[in-house]
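Input: a single structure, listed below in C-alpha cells.
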Amino acid sequence: MHVNSHAPFLHLHRDPDDPDRGAPGPTGPAERPRTFAALHIRNYRLFFTGQVVSNTGTWMQRIAQDWLVLSLTNSPLAVGITTALQFLPMLLFGLWGGLLADRYPKRRLLLITQSAMLLLAAALAVLTVTGAVQVWHVYVIAAGLGLATVVDNPARQTFVNEMVPHELVRNAVSLNSGNFQLARMLGPAVAGVLISAVGIGSAFVLNAISYVAVLTALAMMRPAELLPSPLVSRAKGQLREGLRYVRRTPALLWPVVLVFFIGTFGYNFAIILSAYTKDVFVSGADLYGLLNTAIAVGSVAGALMAARRSTARLALLFGVAAAVGLALVVLGLTPWFWPFVALLVVVGFVSVTFNTLGNSTVQLASDPELRGRVMSLYMLVFMGGTPIGSLVVGWITESWGAPIALIISGAICLVATLIAGLLALRGAGLAVRPAVRSLWAGPAGAGPAAVSVPSVRVAERV
C-alpha cells in the first residue's frame, strides 16, 4: 500500500486471527439505515413508547433517590453504597439472569420483572410521602431493584432481536440508547422541579405509575409478529459454555473487557455530580438535575448518530473508549461552571456512543442460542462492576474531592484502553514497533535526508 511520505504512516499486515474478522458486517458498502427505521415496526414502536415513559420515571427516581440519601446522611459515600447495593445483584447473579433469558420467552420475563419494579417503586413512594423513610429502607429497595434487573436487563436487551429483523438490530439498539438518554434528559429536569416544589416523594410516585406504560405496551404486542429466538433446554455446563464462547470470540471478548473498565470507573456520574453540586458549585437539587440533563443532551446526540451506522469495527470502539477517559480528565481539570456544563455534553456524547457501539456489536456477533448469556456477561461487567467503582469513586470523592475523582476515573479508563488495545493487537498476531521514514531523501550524494520523523509500523509478530 502506498502511503504519502509527508505524513506519519501505519502499515497493517493482518493474520487470520484479526479480531475484527469476527465482527459482523457486510461484504460490500452498506447502505446507512434511516435514523428511525426500526420505529416502522409496530411491536418495537409500542416497546419504544412504553420505555420513554418508564425510563423517564426511572431517571426521576435515580435523582430523587440520590438526593434523598444525601439529605438523610450528608455523605457521598452513602450515595455510593446505595448505588453499589442496586448493582451488586448483577455482579453476583448476572450470568444466571442471562441463562433464564435463553431458556424462557423474553416477553413473559419482562412482564414479571417490570411488575416487581412497579411494586418496589410504590413501596419507596409510600415510605417517603408518609415521612417514615430511613436510609436502610432505601438500601433494601435498591437491592430489590437490583435483583429484578438481573433478569430484566438480558431479557430486555435481547428482546430487541425478536421485535425487529436482523438488519435493523443495530438501529434499534441505538434508538433504545437514545430513548434512555432522552429520559435521562427529561427525568432529572422534572425531578429537580418536583423535589424543589412538591417534595422528594412525588418523584417516586410518578415512577411507580410510569411502569404501567411498559406493561401496557407489552400486553398490546402482536405475538405473531415477533421473531422468537430458539429457547435452550436445561442442561449442565451452560454457564461455562457461554463464558468459553466469549473468550474464544475476539469480537465479543474485547468489547466486554473495555466495558468493564469504562462502566466501573467512567459512569459513576451520580456520585461525582452530587458532590459537585453540593461542594463545588454550592447549590441544590435543581442544579443537580441541570448537570445530569447536560450529560443527557450529548447522550441523545450520540445515540442518534450511532443509529445511522450500519457497521462498527473494534478499532472504533477502542478509540471511543479512549475518548471517554480523556473527556473525564479534561472535565476534572475544568473549574468554571459553564465550560463544565459544556464538557458534560461532550462526556455524554462519547459515553453513550461507546455503550451503543459495544452493545450492538456484541448482540450482532452472538449466536442466537447464546445471546442471553453473552448479553448477561456484557451487562454483568458493565453494571456489576459499578458496585466496585461506586465504592472506590465515592471514597475518593469524599476524601479528595469531586475534581480529583473525575481525573483519576478518566486516567484509569485511558490506561486500561491502551493496555487492552495492545493486547488485542498481540492476540491478532500484530506487533507495534517504532520506525523512521525520511520526508525527503535528497539527491544522490547530497548526504543524509534533510528531515526524518518517527512513526509507528504495525507488522506481523515474529
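Look at ALA424 and say whether it is more than 18 Å from ALA84 (Cβ to Cβ), within 19 Å of the chain's Cα centre (by Cα), in contact (Cβ under 8 Å) with a residue 60 or more places away in the chain and surrounded by fewer than 24 Cβ atoms within 10 Å (Cβ to Cβ). When the stated conditions are applied, ALA424 does not pass them. Being closer than 15 Å to PHE47 by Cβ and part of a helix (DSSP H, G or I) is a description that does not apply to ALA189. Please tell me if THR56 is under 20 Å from SER174 (Cα atoms), among the polar types (S, T, N, Q) and surrounded by 21 or more Cβ atoms within 10 Å (Cβ to Cβ). Yes.
Here is a check on your reading of the model: is LEU145 surrounded by 18 or more Cβ atoms within 10 Å (Cβ to Cβ), at pLDDT below 85 and assigned by TED's automatic domain parsing to the domain that holds SER233? Judged against the criteria, LEU145 is not a match. Evaluation of GLY384 against the conditions (1) modelled with pLDDT of 75 or more; (2) closer than 30 Å to VAL280 by Cα; (3) under 22 Å from the mean Cα position of the chain (by Cα); (4) surrounded by 19 or more Cβ atoms within 10 Å (Cβ to Cβ) shows that the sole unmet condition is (1). When the residues of the range 129-142 are filtered to those that are in contact with a Ser or Thr (Cβ under 9 Å, 6 or more places away or on another chain) and surrounded by 22 or more Cβ atoms within 10 Å (Cβ to Cβ), the one that is nearest to VAL212 (Cα to Cα) is ALA142. The residues of the range 195-245 that are closer than 16 Å to PHE159 by Cα and of a type in the set (D, E, K, R), listed by number, are ARG222, GLU225. So, LEU287, is that one out of contact with any Leu (no Cβ under 9 Å at 6 or more places or on another chain) and in a helix (DSSP H, G or I) or not? When the stated conditions are applied, LEU287 passes them. Of the residues making up the range 311-328, those that are assigned to a loop (DSSP other than H, G, I, E, B) and not small (Gly, Ala, Ser) are THR311, ARG313.
Taken as a whole, the range 37-48 holds no residue that is modelled with pLDDT of 85 or more, within 19 Å of the chain's Cα centre (by Cα), closer than 23 Å to LEU147 by Cα and surrounded by fewer than 24 Cβ atoms within 10 Å (Cβ to Cβ). Looking at GLY325, GLY401, GLY348, GLY389, just one residue is closer than 30 Å to TRP96 by Cβ, small (Gly, Ala, Ser), in the same structural domain as ARG156 (by TED's automatic domain parsing) and in contact (Cβ under 8 Å) with a residue 24 or more places away in the chain, and that residue is GLY389. Within the range 56-69, residues that are in the same structural domain as VAL138 (by TED's automatic domain parsing) reach partners that are charged (D, E, K, R) and part of a helix (DSSP H, G or I) with beta carbons closer than 8 Å, at six or more positions or on different chains, in the pairs TRP59/ARG184.
The values are calculated or read from the model by the stated rules, or taken from the named source; none is laboratory data. It should be emphasised that the depicted structure is a prediction, and the values quoted were computed from it without experimental measurement. In this analysis, Cβ positions are derived from the backbone assuming ideal geometry, glycine residues included, and neighbour counts consider all displayed protein chains.
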